[in-house]
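Engineer: Have a look at the structure that comes next, please.
The values are calculated or read from the model by the stated rules, or taken from the named source; none is laboratory data. For clarity, every value in this text was computed on a predicted model and none was experimentally measured. Cβ coordinates were reconstructed from backbone atoms using ideal geometry, including for glycine residues, and neighbour counts include every protein chain displayed.
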Amino acid sequence: MKHAALLGVVAGCTLLAGSAFTVHAGVESAAVRLKTGVAEAARPAIAIASDAEAPYCTPAFKQVLQRVLNACGLTGTESRRGCQPADVKNLAAISDDDFNALFTPLRERGAVIMFDDASEKLDDDAKALIEDRWLDRRGARYYFVVARASKTGTPEYNRTLSHKRANSVMFDIADKFKEPDLDKKVGLLWLGNEFAQLGKDYCAWNVSRKNRACTAEAINRSAFVSWVDCQL
């Protein structure tokens with residue numbers, strides 16, 4: 001009888017200890033959820049989009065990209081958040097060819113938004129392509145809008161025209177998506193016809209006017225848009 005009672009006490013203690021361990025584990029798990037908002041088992045085992053980088057984000061690419069971001073006031077708290085030709089050429093210390101090469105890896109990622117001659121107005125195809133590229137964010141931090149103008153007209157006129165084209169893209173995004181702090185995500189560069197003109201080979205990129213003739217003049221009446229998937 002005493003032996004049976006002793007066994008009952010031991011079993012009861014074991015059950016109590018097991019319950020205490022379960023409660024302790026449950027409390028720890030709850031603490032993790034309260035602190036992080038995610039259960040431990042639900043945490044992703046692989047990097048999420050914002051932690052990943054595209055293969056083109058080489059050290060050399062990121063170095064040049066950082067210079068452009070700094071020159072255009074896109075990495076700090078400056079009120080100036082954009083670049084004109086002199087900023088890119090002098091502050092970023094980059095040549096025309098090197099600047100265009102910077103965006104070559106983004107051929108499939110981005111798009112070329114086309115404009116009519118002497119116009120900054122977006123047509124329906126342009127708006128649809130801007131929306132498509134904006135929604136394909138994949139966790140990227142910066143969205144570039146690089147606007148140009150053809151060689152027709154004076155440098156001053158084309159600099160202003162390309163600035164208007166960059167703003168047209170920005171205003172379209174702002175109107176559609178109502179995102180806060182949009183100016184901290186979108187980098188505007190307006191190059192006029194003074195810097196980094198595109199060659200006709202860019203007509204083979206993802207352009208907004210696929211069914212129209214594309215010439216060296218036409219491809220520079222444009223704004224290149226793309227997210228950049230690099231952590232800086």
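Engineer: I need the helices (runs of 4 or more DSSP H) fully contained in region 94-194, keeping only those with at least 2 residues that are surrounded by 22 or more Cβ atoms within 10 Å (Cβ to Cβ) and of a type in the set (A, V, I, L, M, F, W, C). Full working, then the answer.
Structural biologist: Details: elements: 96-103, 124-135, 155-177.
Per the criteria, 124-135, 155-177.
Engineer: Here is a follow-up. Of everything in region 45-68, what is modelled with pLDDT of 80 or more and in a helix (DSSP H, G or I)? Give them in sequence order. It would help to see each step written out before you state the result.
Structural biologist: At the first step, the residues of region 45-68 found to be modelled with pLDDT of 80 or more are 53-68.
Residues satisfying the conditions are P59, A60, F61, K62, Q63, V64, L65, Q66, R67, V68.
Engineer: If a residue must be of a type in the set (D, E, K, R), farther than 22 Å from T75 by Cβ and in a loop (DSSP other than H, G, I, E, B), how many such residues does region 195-232 contain? Give the derivation first.
Structural biologist: As a first pass, look at region 195-232 and keep what is of a type in the set (D, E, K, R): 200-201, 209-210, 212, 217, 221, 229.
Filter once more, keeping what is farther than 22 Å from T75 by Cβ: 200-201, 209-210, 212, 217, 221.
Right, trim to in a loop (DSSP other than H, G, I, E, B) and you get 209-210, 212, 221.
Counting residues in region 195-232 that are of a type in the set (D, E, K, R), farther than 22 Å from T75 by Cβ and in a loop (DSSP other than H, G, I, E, B) gives 4.
Engineer: Next question. Can you confirm whether T152 is over 13 Å from the mean Cα position of the chain (by Cα), polar (S, T, N, Q) and modelled with pLDDT of 95 or more? Walk me through how you get there before you give the answer.
Structural biologist: Values: over 13 Å from the mean Cα position of the chain (by Cα): yes; polar (S, T, N, Q): yes; modelled with pLDDT of 95 or more: no.
No.
Engineer: Of all residues being hydroxyl-bearing (S, T, Y) and farther than 20 Å from Q84 by Cα in region 197-230, which is nearest to the chain's Cα centre (by Cα)? Just the residue, please. So that I can check it myself, show each step before the final result.
Structural biologist: Taking region 197-230 as the starting set, the residues that turn out to be hydroxyl-bearing (S, T, Y) are 202, 208, 215, 222, 226.
Going one step further and asking which of them are farther than 20 Å from Q84 by Cα, we end up with 202, 208, 215.
On the way: Y202: 21, S208: 20, T215: 29 Å.
Result: S208.
Engineer: Then there is this: Taking only region 69-84 into account, find how many residues are at pLDDT 85 or above and within 19 Å of S226 (Cβ to Cβ). Steps first, answer last, please.
Structural biologist: To start, the set of residues in region 69-84 that are at pLDDT 85 or above comprises 83-84.
This time we only want the ones that are within 19 Å of S226 (Cβ to Cβ), so: 83.
Residues meeting the conditions: 1.
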